[in-house]
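What follows is calculated from the coordinates using simple rules that are stated; it is not laboratory data. Everything numeric here is computed off the predicted structure, so don't read it as measured data. Heads up, the Cβs are rebuilt from the backbone with ideal geometry, glycines too, and the neighbour counts pull from every protein chain shown.
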Amino acid sequence: MTTIPTEPYITSAEGERLLGVNTGRFFYYVQSGQIEREPGSTKRNARYSVKDILKVKEKLAEKQQKKARKSAVSGYVDWIISVEDVLSSLKLDYRVYGEQTPLGELPYYAERVVRNPHVALAVYDSPARENILAYVSLLPLPESVILEVLRGERHETKIKTEEVETYERAGPYTLLAESVVTDPNHPELLNTLLRHLVRFWCEQYPERWISKIYAQAESREGDILIQKLFMSPLESLAPDAHVLNLARPGASRFVREFQACIEQKRQALESEQGA
């Protein structure tokens, strides 16, 4: 058990023991202004503010707790396929965005996942699927419909269910990144979703593949996704419109992994055909 000093200032050695850090780390906090030296003291006989040291200790404890929470969440990744799953995603929306969440749109979103059960991928807190911690919704749509949405000619909630494509036909698909939401305590789960999406779409090749992904930066998470994928701006359509053309070399790690996987499959298929 740590004993809290009663005096307002202590030596650096005592401060190091109280924080549980080495000398170099302790003086990093001093030099960065997080721990104040006793006024009037010289470097040789310096003493340091207990109040500041305890503040730093509290910050370190919070950081450790965050790390522990992140490592404890391995997550269960699966598609949103039922009304109950959609309701869980809307509950996450409500936790993140509050009253702006259109909970009345439940039937509308449920129709989409019934039509195509591979449009929204989520990280659940357990296989019981009661709570969603992150999800990405990628709608396969005719490119003309996506451009109408990006130009503001119609809102994405006005997309008709029958316009959402199923993945029955072979060939290329254009996707609209409709929603990207992560629990504020687990932003790292966006990477988890992207890795699973890379695997899913690599498995579809050569029967079907993504030609382009369109997105609008309407939220913090959407902006992060755009940055992670290095999407190109489409300012001629709208200030926040972006596109990722997968026929071009990717700058993003996730896109490079996807393209490398596709290339490996392509070469393997050519070898099989040539054998």
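Axis angle, to the nearest 10 degrees, between helix 50-72 and the longest C-alpha principal axis of the chain: 30 degrees. Using only Cα atoms, tell me the angle between helix 189-204 and the longest principal axis of the chain; keep it within 0 to 90° and round to the nearest 10. Here the helix axis deviates by roughly 30 degrees. By the rule of a C-alpha distance below 14 Å, with chain neighbours fewer than 8 residues away ignored, the aspartates and glutamates paired with Lys228 are Glu188, Glu257. Packing around the peptides 37-49, 206-218, taken as the average count of other Cβ atoms within 10 Å per residue, puts them in this order, highest first: 206-218, 37-49. Extending 7 Å from the Cα toward the beta-carbon at both Phe27 and Glu143 defines two label points whose distance is 6.2 nm. Lys212 sits among other residues whose Cβ lies under 12 Å from its own Cβ, and their net charge, with Lys and Arg +1 and Asp and Glu -1, is 0. Electrostatic bookkeeping for Cys261 treats Lys and Arg as +1 and Asp and Glu as -1; over the other residues with beta carbon under 14 Å from its beta carbon, the sum is +3. At full extension, Glu168 and Glu111 could sit 18.8 nm farther apart than now, given 0.36 nm per residue minus the alpha carbon distance. Derived from the Cα gyration tensor, the three semi-axes of the equivalent ellipsoid of the range 41-193 are 43, 18, 15 Å, largest first. Just need the relative contact order of the chain here, percent rounded to a whole number, with Cα pairs under 8 Å and 6+ apart. Computed over the chain, the figure is 12 percent. When both bridge partners sit in the range 132-258, DSSP labels roughly 65% of those beta bridges antiparallel.
The simple Förster model, with R0 at 25 Å and r as the Cβ-Cβ distance, assigns Lys91 and Glu235 a FRET efficiency of 0.10.
Work out the count of Lys pairs in the range 9-72 where the Cα-Cα distance is under 27 Å, with the pair 8 or more places apart or on different chains. Lysine pair count for the range 9-72: 17. So how far, in whole Å, is the C-alpha centre of the range 5-41 from the one of the range 85-99? After rounding, the separation between the Cα centres reads 44 Å.
In this simple spin-label model, placing a label point 7 Å from the Cα along the Cα-to-Cβ direction at both Ala46 and Glu84 gives a separation of 6.0 nm. Positive contributions from Lys and Arg (+1) and negative ones from Asp and Glu (-1), summed over other residues with Cβ under 9 Å from the Cβ of Tyr48, come out at -2. If you compute volume of the Cα convex hull per residue in Å³ for the structure shown, which of (1) 219; (2) 253; (3) 140 do you land on? Working out volume of the Cα convex hull per residue in Å³ from the coordinates points to (1).
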